[in-house]
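The values are calculated or read from the model by the stated rules, or taken from the named source; none is laboratory data. Since we're looking at a predicted model, the values are computed, not measured. Glycine also receives a Cβ, built like all others from the backbone with ideal geometry; neighbour counts cover every protein chain displayed. Please note that ligands, DNA and RNA were not included when accessible areas were found on the heavy atoms of the full protein model with its side chains. Shrake-Rupley method; radii C 1.70, N 1.55, O 1.52, S 1.80 Å.
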Amino acid sequence: MGAMQTKPKATPEAVAPAVPPQGPPGAAEAPAAARDKGRAERAFALLGRVGPDLAVGLVALLSGLLLWHLATLYNFNYVINFQNVPSPLRVFDAFLTQLADEEFYIHILVSLRRILIGYVLAVILGVAAGVAMARSRFARAFIYPYIEILRPIPAVAWIPLAILMWPSEESSIVYITFLGALFPIVLNTMHGVEQTSEVLVRAAKSLGASRLQIFRHVILPGALPSISAGLAIGMGVSWFSLLAGEIISGQYGIGYFTWNAYSLINYPDIVVGMLMIGALGTLCTYLVRVAMRPLLVWQRRTR
Amino acid sequence: MMESSHIVALNAHPIARKRRIEASSCGRIEIDNVTITFGRGAAAHQAVSTTSLSIAPGEFICILGPSGCGKSTLLNAIAGYVEPTTGAVTVDGERVTGPGPDRGMVFQQYSLFPWKTIRENIAFGPMVAGHSRDECSATANTFLEMVGLSKFASKYPSELSGGMQQRVGIARALANYPTVLLMDEPFGALDAQTRLMMQEHLLAIWNAFKVTVVFVTHDVDEAIFLADRVLVMSASPGAIMADLPVPLPRPRDPDIATTADFMQLKKKCLEHIRAESLKAFEQQNH
Ligand SMILES: Nc1ncnc2c1ncn2[C@@H]1O[C@H](COP(=O)(O)OP(=O)(O)O)[C@@H](O)[C@H]1O
Ligand SMILES: [Mg+2]
């Protein structure tokens, strides 16, 4: 039965390539049909390749959820204690409740605003410092000691001093966010600019480019792959630092929300906050990559 | 890969015609008692010893010599990347103090901007010179057509073969309408087949533009096939030890390599190089 159904379908397609000699309309249709067919085949091939992996991943996640559910259902308590851990279903309920709550969005927006300000400042200052360090021996000798001393200090360690230094809690959290993003951006920019190809600079010079034009058209684009990696890493560290700041101080923000849920013994919201933090961090890093993509098209195209 | 039709078309090209008229007086290179030493004191290393040389406008010069003998250094002095330690290089009476768009440069490889399309690479010179977008685009089209790569205008360099990339390099240098074209082993990284085609193509371009060409190579056949004059360089410190005119008729085609005149010239070049290589070899063993 199945074989009989597929057979007549397959025949016109098989005949199609033979049509062209008979007339132009057929000739125009045949390649289009072949192209569509090719696209569908490629899609199937892709599904065939990643499909099994996706299925395994899905099964793994579902079994994890199930284990979590069972552990909370039976109050599992051996080394790890699940007695106070909310079940997946309660977390989901709490999530739906929060989605309907205006304050939840305020927490998210406050966090995003801190990231935006701190990160943008880090990008501006970090790229400038990285370029300066790569291009000027003096700038490098001047800035490097600071980087070496400050870089190993985690954002959390900065919190008490930041609160003392800055006029408001808000500004101290933004400062910590900024600091987190700064170092990866500075170092990656510096390395990217250092990798500038001497031949390309010479070529640009002999084509009449000024120093500024060489920077704009040769040095900067050449450093962009490295800078863009630094921007993505910086975004991750920036979130990490933000959370540390929000948990320890502040009245708003998704980190505060999460910690506050603990203080208020509102345990499902802890997990809601955690998942939200993960999602927002991933989203921001993704946005950085998407923003950089048009500038790096040349990298993905090869013979 | 390369149709002879557009080589023929080159000669009739208006820009080529305009250039030919200008070229009759531009592109004279004088190298006057130049020496080039890298480093100082105990680390000093003389790459080029006293060299004087005169190149006429529109001449095609090949500098031939073993690797490490200072060919690139001498070429870089004309380009303005390297400052002579003593003496001076002048182009059309003006002393060379740095690189400039009057002297186009073609490198061996990896010299196209990877983040710019072929069109943008070729339009780079006019673009940094502040020409309008339309002018840049028109110039790019002209030179894309000249090197037969119009179809590849919006590709990136990494999407092209080595030979095509070198054609873009030549087009990019010429898009500035330089009076001098400096080429540092531009076909050295190409396979033998492609190299032969590129040589023919270059001669066609040169014939249309009549720029002064200084072409560095270590390939004897390439030097004789291309040049009006072959300058053979001696090894460290480099100096020009032979100045051989190539009286072969033009236009030349690859079959010329089998003629007696060609063989004769090749033999002369090889004798010079052999003596030089022996000397270098003995120097290394002492
Ligand atoms: N920037 C430089 N600094 C020091 N030595 C150099 C420099 N450029 C070239 N040399 C030396 O000068 C000599 C000639 O080099 P080069 O002109 O590149 O030779 P060729 O192009 O004939 O192979 C070599 O011994 C090389 O090591
Ligand atoms: Mg060289």
Please compute how much accessible surface disappears when A pairs with B, both sides summed, using a 1.4 Å probe, and round it to the nearest 100 Å². 2200 Å²
Helix-only [θ] at 222 nm, chain B, -39500 (n - 2.57) per DSSP H run of 4+, per residue, nearest 500, equals -12500 deg cm²/dmol
What number, in percent, do you get for the relative contact order of segment A:40-111 if the mean sequence gap of Cα pairs under 8 Å and at least 6 apart is divided by its residue count? 17 percent
Show me the three semi-axes of the equivalent ellipsoid for the protein assembly as shown, from the C-alpha gyration tensor (sqrt of 5 times each eigenvalue), largest first, rounded to whole Å. 62, 37, 21
Go through segment A:46-62 residue by residue and turn each phi into a ³J(HN,Hα) via Karplus (6.51, -1.76, 1.60, θ = phi - 60°); whole Hz please, and just put x for glycine and proline. 5, 4, x, 7, 8, x, x, 5, 4, 4, 4, x, 5, 4, 4, 5, 5
Relative contact order for segment A:89-300: what is it in percent, counting Cα pairs under 8 Å that are at least 6 residues apart? 27 percent
For chain B, take the longest principal axis of its alpha carbons; what is the angle in degrees between that and the long axis of helix B:192-209, to the nearest 10 within 0 to 90? 70 degrees
Got a number for carbon plus sulfur as a percent of chain A's accessible area, 1.4 Å probe? 69 percent
Between segment A:150-178 and segment B:166-189, the alpha-carbon center distance in angstrom: 55 Å
Gyration tensor verdict on chain A (Cα atoms; rounded if a/c is under 1.5, prolate if a/b is larger than b/c, oblate otherwise): oblate
Inter-part gap, Cα centre of segment B:226-286 to Cα centre of segment A:212-277, in whole angstrom, is 66 Å
Largest to smallest principal axis extent of the C-alpha atoms in segment A:133-233, angstrom: 54, 25, 21
Order the peptides B:156-169, A:266-279 from the highest to the lowest mean number of other Cβ atoms within 10 Å of their residues. B:156-169, A:266-279
Using a 10 Å cut-off on Cβ to Cβ distances, tally the other chain neighbours for every residue of A:192-200 and report the average as a whole number. 2
Any chance you could check segment A:207-222 for residues losing 40 Å² or more of accessible area when the partner protein chains are in, compared with the chain on its own (1.4 Å probe)? A:LEU207, A:GLN213, A:HIS217
Given the C-alpha atoms of chain B, compute the convex hull and give its volume per residue in Å³. 139 Å³
Projected label distance in nm at B:GLU145 and B:ALA129, using a 7 Å step from Cα toward the beta-carbon: 1.8 nm
Can you figure out the FRET efficiency of A:MET165 with A:ILE124, using R₀ = 25 Å and their beta-carbon distance, to the nearest 0.05? 0.75
Provide the per-residue ³J(HN,Hα) series for segment B:114-119, in order, calculated from phi with Karplus coefficients 6.51, -1.76, 1.60 and θ = phi - 60°, each as a whole number of Hz, with x at glycine and proline positions. x, 8, 10, 5, 4, 4
Mind pulling the angle between the C-alpha long axis of helix B:162-174 and the longest principal axis of chain B? Nearest 10 degrees, somewhere in 0 to 90. 80 degrees
In whole angstrom, note down how far apart the Cα centers of segment B:80-98 and segment A:87-126 are. 63 Å
Among B:207-213, B:136-142, how do they line up from the highest to the lowest mean number of other beta-carbon atoms within 10 Å? B:207-213, B:136-142
Show the residues, 5+ positions off or on another chain, whose built amide H is closer than 5 Å to the amide H of B:ALA239. B:SER49, B:SER234
Any idea how far apart B:ALA43 and B:THR259 come out in nm if each label point goes 7 Å out from Cα toward Cβ? 5.1 nm
How many partner chain Cβ atoms sit within 10 Å of a residue's Cβ in peptide A:84-90, on average, as a whole number? 0
The answer for B:GLU59, listing residues at least 5 apart or on another chain whose modeled amide H is closer than 5 Å to its amide H, is B:VAL213
To the nearest 500 deg cm²/dmol, what mean residue ellipticity at 222 nm is calculated for chain A from DSSP H runs of n ≥ 4 alone, each contributing -39,500 (n - 2.57), summed and divided by the residues? -27500 deg cm²/dmol
Using 18 Å as the cut-off for backbone N distance, which residues of segment B:80-119 belong to the label zone defined by a point 7 Å from the Cα of B:SER158 along Cα→Cβ? B:109-119
Under a plain spin-label model, where a point goes 7 Å from the Cα along Cα-to-Cβ, how far apart in nm are A:ARG293 and A:ALA100? 3.6 nm
If you take every DSSP beta bridge fully contained in the protein assembly as shown, what fraction is antiparallel? Give it as a percent rounded to 5. 55 percent
Residues whose placed amide H lies under 5 Å from that of B:VAL246, excluding near-sequence neighbours: B:ARG229, B:VAL230
Cleavage-rule hits, chymotrypsin sites (Phe, Trp or Tyr not before Pro), segment A:71-120, DSSP coil, Cβ neighbours within 10 Å at most 14: A:TYR74
Any chance you could give the angle, 0 to 90 degrees and rounded to 10, that helix B:133-146 forms with the longest Cα principal axis of chain B? 70 degrees
Averaged over the residues of A:288-298, the number of partner chain Cβ atoms within 10 Å of each residue's own Cβ comes to 1
